[in-house]
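One structure is given here, and the rest of the page talks about it.
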Amino acid sequence: MFQVLRLKMKQEGRRIVFSIPGETDYLIQIRSLISTVASEVGLAEEELYKIETAVDEACANVIEHAYEGEEGSKPIQICLEVTPSRLIISVKDYGRTFNPGTINPPDLSKFIKEKRDGGLGLFLLQSLMDEINYTSDPRGYNELTLIKYLKPQ
Amino acid sequence: MDEKVKVDVRKLEDVAIIDMKGDVTSLADVPLHGAMESVVGEGIKKVIFNFTDVSYINSSGIAILIGIVTSYNAKGINFKVYGLTPHFKKIFGMIGLTQYAPILKSEEEALKNFA
């Protein structure tokens, strides 16, 4: 199915790397893949939904902000790594850098005045995951790392 | 492109029920605002959002819903919500949407909750 969708996937040791075109049409496939991997590492359904939502938000942010809505212009690379204590998901893009600054709870009044998400996506990421880190590499890419702690078996 | 979200309006006496189907994302902006304009244009003051057939909601979709409930709430429109999955119930609560639109278990409960 995924070849048809031009989704590239390869396994590098303990890491699985996916590359998708930066298009919203691919987000449903990404949610499905993330959900499968999260389920295989034994995460509870509630945690699984949180990770699925967080990765979807991270990719949607790339398309909307880093790629400035130019769908399919550049790829998004997603890397999944499972360690004994963590599920680490990194989302790499080749677009515009942003300054995450301080992520505050969203201000509902901004929704009315500005008719925009007002940082809601980032707030969700922070709330749904145990850790998030954003780096911008001078070689021309940005990487958002999402971490979920795994309970000891 | 396939239609990703479908929005229909049902009326039960003085209540409008907005049935959504598919993914509630930025694509829901036009149909949801259109539905609200038609409802308010008819003088209806009680609105129920039905999420039973919604498979996914992202932050853009939530932002649209917040925009609608806060702006129409200020104009005297009352909202109720039902059909959300436990995951999205938590997210709605976390964001603060529930202070404008209480979440009920069913359409029947939502209708009763207006009384």
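None of the figures in this text is laboratory data; all of them are computed from the coordinates on show. Just so you know, these numbers come straight off a predicted model, no measurement behind them. Here Cβ is always computed from backbone atoms with ideal geometry, including for glycine, and neighbour counts include all displayed protein chains.
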Computed FRET value (nearest 0.05) for B:Ser38 with B:Lys90, which takes r as the C-beta separation and R₀ as 30 Å: 0.45
Neighbourhood charge, 12 Å Cβ-Cβ cut-off, centred on A:Glu46 and excluding it, Lys, Arg +1 and Asp, Glu -1: +1
Cα-Cα over 20 Å, subset of A:Lys50/B:Lys90; B:Lys6/B:Lys90; B:Lys45/B:Lys80; B:Lys21/B:Lys89: B:Lys6/B:Lys90
Two-site label geometry, B:Gln99 and B:Val9: point separation in nm, points 7 Å out along Cα→Cβ: 2.8 nm
Fraction of alpha-carbon pairs over 24 Å apart in chain B - percent: 15 percent
Alpha-carbon centroids, the range B:58-96 and the range A:19-78: separation in whole Å: 23 Å
Relative contact order of chain B, defined on C-alpha pairs under 8 angstrom at six or more residues apart (%): 24 percent
Peptide B:96-103 - average C-beta neighbours from other chains (10 Å radius): 1
Cross-link partners of B:Lys105 among aspartates and glutamates (Cα-Cα below 18 Å; sequence separation of 8 or more within a chain): B:Asp19, B:Asp53
Helix-only CD estimate at 222 nm, as mean residue ellipticity for the protein assembly as shown, using -39500 (n - 2.57) per DSSP H run (n ≥ 4): -10500 deg cm²/dmol
Highest-first arrangement of B:58-71, A:137-150, A:80-93, where packing means the average Cβ count within 10 Å: B:58-71, A:80-93, A:137-150
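Over all directions, how big on average is the projection of the convex hull of the alpha-carbon atoms in the protein assembly as shown, in square nanometres?
The orientation-averaged projected area of the Cα hull of the protein assembly as shown comes to 15.5 nm².
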